[in-house]
Amino acid sequence: MDRYRIEPGKKFKLSDYSPDDLGDFEGKKQKGNEKLAEYRAEIDRLQELLYCEHKHRLLVVFQAMDGGGKDGTVRAVFDGVNPQGVRVTSFKVPTEIELDHDYLWRIHAQTPGKGEIVVFNRSHYEDVLVVRVHNLVPKEVWKKRYKQINDFEQQLAEEGTTILKFFLNISLDEQKERMLERLEMPEKRWKFNPGDLDERKLWPEYMSAFEDAIEKTSTKWAPWYVIPANRNWYRNLVVASVIADTMRSWKMQYPDPQIDVELYKKQLMES
Ligand code: ADP
């Protein structure tokens, strides 16, 4: 799935990445879902090791347009993982207190500790996306943020945090379908937000902002993956495979405490 990783320092054009791409799984939805189940089970096993080993930290960032499937991806990929092992943090419109601080303040406070997986549902990238599109701060301010974000993420990485960033790439047409579905299905209607229609009108501005953000902040230490997201099952499969591959590469081991097992067994038997 390396094909979706954006190479640092290269020109990046979103139009080169089709939201409909199914890679090697064209016409193989069932096989895709079987693979996903395998990755899920593996992530569950690796999460337990992560917790016990207490060495690595994993930060997973999701960004997408409305309807891009952030919630669904988190549910599908981490389904089955011990709920105590994964923390999901959503970043909403900043509060007054958050706005009184620098934009990374609230972000840094939520980063993972050792043995933890933290999922960001939206992130500091909102500060170069919605903030840029809506001119919430002057250009002189947001344009400095790409470098600040790279420096911040580099610091996290150097201190032992692995960072994976996913842009769930849906098309404008697919977004329309999903918004219509939200209106039509009573169990999805609560998700419909009339404000999303205003954001939809700004699609080209958002795409430019995403293009710039991804090009400028896909780094060795915190790469971006642009995930074809028009088909949910393929989107879930790609994200799960990147996470499983990453955690597997750490070659984690259960810690071996230096205790005299026989002695404790004996004491327990006599107790
Ligand atoms: P979601 O769409 O993720 O399910 P909401 O409907 O509550 O959740 O939307 C969260 C909103 O908060 C989005 O419109 C997003 O653009 C906005 N937001 C997040 N971070 C910022 C930020 N730093 N500045 C301005 N708006 C932000």
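The values are calculated or read from the model by the stated rules, or taken from the named source; none is laboratory data. What you see is a predicted model, and the numbers here were worked out from it, not measured in a lab. Ideal geometry is used to build each Cβ from the backbone, glycine not excepted, and the neighbour counts take in all protein chains shown.
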In the set Val131, Val93, Val141, the lone residue that is β-branched (Val, Ile, Thr), within 16 Å of the ligand (Cβ to nearest atom) and either within 30 Å of Trp233 (Cα to Cα) or in a loop (DSSP other than H, G, I, E, B) (or both) is Val93
Exactly one of Leu59, Leu22 is surrounded by fewer than 20 Cβ atoms within 10 Å (Cβ to Cβ) and in contact with a helix residue (DSSP H, G or I) (Cβ under 8 Å, 6 or more places away or on another chain), and that residue is Leu22
Selection from region 169-200 of residues outside any loop (DSSP other than H, G, I, E, B), more than 20 Å from Ala229 (Cα to Cα) and away from the ligand (no atom under 13 Å from the Cβ) yields Leu183, Glu184, Pro186, Glu187, Arg189
Filtering region 160-198 for residues that are exposed (fewer than 11 other Cβ atoms within 10 Å of the Cβ) and within 19 Å of Val119 (Cβ to Cβ) leaves a count of 0
By residue number, the members of region 77-118 that are touching a His at 6+ places or on another chain (Cβ under 9 Å) and among the aromatic types (Phe, Trp, Tyr) are Phe91, Tyr103
From the option list Tyr146, Tyr125, single residue qualifying as in a helix (DSSP H, G or I), aromatic (Phe, Trp, Tyr) and in contact with a strand residue (DSSP E or B) (Cβ under 8 Å, 6 or more places away or on another chain) is Tyr125
(Q) Being at pLDDT 95 or above and within 16 Å of the ligand (Cβ to nearest atom) is the requirement here; does Ala229 meet it? (A) yes
